[in-house]
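Novice: Here it is, the structure, as structure tokens.
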Amino acid sequence: MHCQPRYKHEVYIWLKNNQPCLICDERTGTADFICNACEIELPWLMEHCTVCALPLPMDGLVCGECQKHPPAFKQVIAPWAYSFPVDTLISRFKHQARWPLGHLLGHLLGQHLQHRFDNAELTRPDCLLPVPMARKRLRERGYNQALMLARWLSADLSIEYDEHLLLRPHETVAQQHLDAKTRKRNLLGAFALAGDAQVQDRHFALVDDVLTTGATAHSLARLLMNAGARQVDVYCLARTPKPGA
């Protein structure tokens, strides 16, 4: 099944002139689709867990959950906290097929990653892996937003992506409304590697839109690490706060 849209050109027409900001609709004065004021006001993720990126009161700490149960991935890189307006932009991209909004956020994520690569804060991965979507949900939605993000990041960062290495052969209940323990149980045996997957001693980065409990990322990272991967990171647009925070 090939319902994922493919484009040889940009999803949006990126003309090099004075563009309207996709958030406030004011003219940006540049070829960018976000004005300087809106970009500054985005909910940039500041102090957070150095492993799972959970928002914390102080920077440079590891959250209690990661100390008690270290995840299989090394680190989560997310530019923003999952709050307004990023939460609304992601929701419209994800559920209403507003691809220009996703492209904008993906481009900004790419800039964030490139800055950290240039400053030797991060090691470039060998390959980007979009989190696979269950077939039923893919048929209903018509596209996998994680795959679209991976393609945009691949183009911006010149890092290859592989949409076939990770498989989701079993249908699972949607994760959005499940608590952390139920999410982990729901994902047992949900993922698999392609038969010809080249994993040994490679550095991968999982790509998704939002990290909530980290259960999906942990399951995929554990699968890769058990198969001989050298390191697994997670790149996503936003990190949710701890429930009740």
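Novice: Pull out all pairs, ordered by first then second residue, where Cβ-Cβ is under 8 Å, the residues are six or more apart or on different chains, the first lies in region 36-60 and is of a type in the set (F, W, Y), and the second is in a loop (DSSP other than H, G, I, E, B) and modelled with pLDDT of 95 or more.
Specialist: W44/P79
Novice: Those residues that are part of a loop (DSSP other than H, G, I, E, B) and of a type in the set (S, T, Y), I need them from region 202-245; list them, please.
Specialist: Correct list: T212, T213, T240.
Novice: A follow-up question, please. Anything in region 1-34 that is modelled with pLDDT of 90 or more, more than 17 Å from A97 (Cβ to Cβ) and surrounded by 14 or more Cβ atoms within 10 Å (Cβ to Cβ)? List them, or say none.
Specialist: Within region 1-34, C21, I23, C24, I34 qualify.
Novice: Criterion first (buried (at least 20 other Cβ atoms within 10 Å of the Cβ), under 24 Å from H203 (Cβ atoms) and either touching a strand residue (DSSP E or B) at 6+ places or on another chain (Cβ under 8 Å) or of a type outside the set (S, T, N, Q) (or both)) does G106 satisfy it?
Specialist: yes
Novice: I need the full set of residues from region 61-103 which are over 27 Å from C24 (Cβ atoms), surrounded by fewer than 20 Cβ atoms within 10 Å (Cβ to Cβ) and in contact (Cβ under 8 Å) with a residue 12 or more places away in the chain, in order please.
Specialist: L61, V62, C63, E65, C66, P70, A72, K74, Q75 - these are the residues of region 61-103 that are over 27 Å from C24 (Cβ atoms), surrounded by fewer than 20 Cβ atoms within 10 Å (Cβ to Cβ) and in contact (Cβ under 8 Å) with a residue 12 or more places away in the chain.
Novice: I've got another one for you. So which residues in region 173-218 are under 17 Å from F73 (Cβ atoms), at pLDDT 70 or above and over 15 Å from the mean Cα position of the chain (by Cα), if there are any at all?
Specialist: Answer for region 173-218, where residues must be under 17 Å from F73 (Cβ atoms), at pLDDT 70 or above and over 15 Å from the mean Cα position of the chain (by Cα): A190, F191, L193, V199, D201, R202, H203.
Novice: Provide a single number: the residues in region 80-92 that are aromatic (F, W, Y) and more than 13 Å from the chain's Cα centre (by Cα).
Specialist: 1
Novice: For the condition closer than 24 Å to E121 by Cα and of a type in the set (D, E), what is the one hit in D87, D59?
Specialist: On inspection, the qualifying residue turns out to be D59.
The values are calculated or read from the model by the stated rules, or taken from the named source; none is laboratory data. The model shown is predicted, which means the values in this text are computed figures rather than measured ones. Cβ atoms come from the backbone with ideal geometry, glycine included; neighbour counts cover every protein chain shown.
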